[in-house]
Amino acid sequence: MRHSNPKSARAAAAATLLLGLFASSVSGQQDSTTSIASSRPRSPESMALLSGPSGTDAPLFAQLEAQVSGAYDSTRGGWVAKNGIPSDACVAFGFEFARRGGGGVWQDRALATNEWTWSLFDSTGGGFFQRLADTRHFDASFHKPTDANAARLENQLDAWHATGDAKYRTRARQVADFMDRVLLDGRGGFIDGQVGSRDLVPYSNGMAIHAWLEWAVASADPVPRDFALRSLDRAWQEDWHAQLGMLHKDDFGVLQKAPQLEDQIEMGRAYVLGSHVGGRAADLDRAKAIAALLESNFLDAKTGTWRTQAVPQKDGKIHPAASVADENARAALFLAELASVSGDARWRDAARRSIQAYQKDFAKAGLDAGDWARAVQALAGADLPELPQWKEQTTQKSKQILRFK
């Protein structure tokens, strides 16, 4: 997750450079385009994955599994870092690994951490605080970032699917209600947090759209599904640049940052899931375009890792930049999911190469192993939800789009 991830001090200067190089705005084309059982129905693609990683991926997965297992600390609340931020990635891995046959202990640990995480939910105003300390200080009462709420909405849905317990369904509805009331942009997409900029930040917007698609499937409601698809269209129209990728701009179209790896990854994952849920070929094409841009702009050929940002120089080459482990893990997850949905082994090979590039660090990965383990699992195939029998569309005109009853 991005919460405490430091960024390069050159980001602002790089953005200024890009403003000079690319002053024109991004153009794009907009496409025309039953309640579920508690044990999360799986798509036909996912049903074949119960055996888990195999071949050369198996020992690597075992190493990462051991790291996630060893990072669990019941005295701290489960998969919770020392700074009081729960590892949503480890929780997601625990639920997913349990679904794939990893054993009940993984579900129990995911549920226990999920229960601790609920203590960060604001029962008065709604939404999750970022960390434990935020619940104790008045000046942090509005610090409820979109990325955290999106990830934890998916965790609540996983808990409900795993147990059938209605309290998790209720909690998911409360998180979705907060996102709908506070974070949702009626034009399409989600803002970055409860206060501050109203920009359509690709990173947090991608995570929110991904969670909204999962919410739509869980509730079998076409209204949030269609809103998520409209959000994908708006993001592509306003933020995509064929040479630079997904860009963070303000409402006036002014570039705010150099192209960021995390922006490409999270919007890419949203387009992959959108193609599965919405059945639109354009969304899969968009995900492929983002993946291709990763290879052309963000790949460090010397190390095999992905750069955290891609600033083009006057000669067309990309300025050197650092590689960040958690962003690389998410990149591998995105590429593995894209390979599963598209059937193109090119992206699976790219995911595997990026995993292997960081393999030397896995022995001390700890909580950071969560997304890496998910990425290795996804090499065998993405864990996709089975599409529901969608409820009949209503004519309600209010902003409220939740129909979870």
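The values are calculated or read from the model by the stated rules, or taken from the named source; none is laboratory data. Given the structure is predicted, the values throughout are model-derived calculations rather than measurements. Backbone-built Cβ (ideal geometry, glycine too); neighbour counts: all protein chains shown.
Checking the structure you have, find out if any residue of segment 229-239 is within 28 Å of W118 (Cβ to Cβ), surrounded by 19 or more Cβ atoms within 10 Å (Cβ to Cβ) and not aromatic (F, W, Y).
Taking every residue of segment 229-239 in turn, at least one turns out to be within 28 Å of W118 (Cβ to Cβ), surrounded by 19 or more Cβ atoms within 10 Å (Cβ to Cβ) and not aromatic (F, W, Y).
Among the residues of segment 307-318, are any hydrophobic (A, V, I, L, M, F, W, C), under 24 Å from A373 (Cα atoms) and buried (at least 22 other Cβ atoms within 10 Å of the Cβ)? No: zero hits.
Here is a yes/no grid of residues against (1) assigned to a loop (DSSP other than H, G, I, E, B); (2) out of contact with any Gly (no Cβ under 9 Å at 6 or more places or on another chain); (3) buried (at least 23 other Cβ atoms within 10 Å of the Cβ); (4) at pLDDT below 95:
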site: G94; (1), (2), (3), (4): no, no, yes, no
site: G101; (1), (2), (3), (4): yes, no, no, yes
site: A110; (1), (2), (3), (4): no, no, yes, no
site: T117; (1), (2), (3), (4): no, no, yes, no
site: G125; (1), (2), (3), (4): yes, yes, no, yes
site: D134; (1), (2), (3), (4): no, no, no, yes
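The lone criterion from (1) of a type in the set (G, A, S); (2) surrounded by 14 or more Cβ atoms within 10 Å (Cβ to Cβ); (3) modelled with pLDDT of 95 or more left unmet by G70 is number (2). Among the candidates L232, L200, the residue that is under 17 Å from the mean Cα position of the chain (by Cα) and part of a loop (DSSP other than H, G, I, E, B) is uniquely L200. From the list E392, E386, the one residue that fits, being at pLDDT below 95, acidic (D, E), over 23 Å from Q67 (Cβ atoms) and under 21 Å from the mean Cα position of the chain (by Cα), is E386.
Annotation for segment 343-361: at least one member residue is over 23 Å from L261 (Cβ atoms), of a type outside the set (D, E), modelled with pLDDT of 95 or more and surrounded by fewer than 24 Cβ atoms within 10 Å (Cβ to Cβ).
Within segment 90-110, how many residues are within 14 Å of L157 (Cα to Cα), among the hydrophobic types (A, V, I, L, M, F, W, C) and out of contact with any strand residue (DSSP E or B) (no Cβ under 9 Å at 6 or more places or on another chain)?
3
Being out of contact with any Pro (no Cβ under 9 Å at 6 or more places or on another chain), of a type in the set (D, E, K, R), at pLDDT 95 or above and outside any strand (DSSP E or B): is that true of K257 here? So K257 fails the test.
Considering only segment 164-171, I want to know if a residue exists there that is under 20 Å from the mean Cα position of the chain (by Cα) and closer than 20 Å to M207 by Cα.
Taking every residue of segment 164-171 in turn, at least one turns out to be under 20 Å from the mean Cα position of the chain (by Cα) and closer than 20 Å to M207 by Cα.
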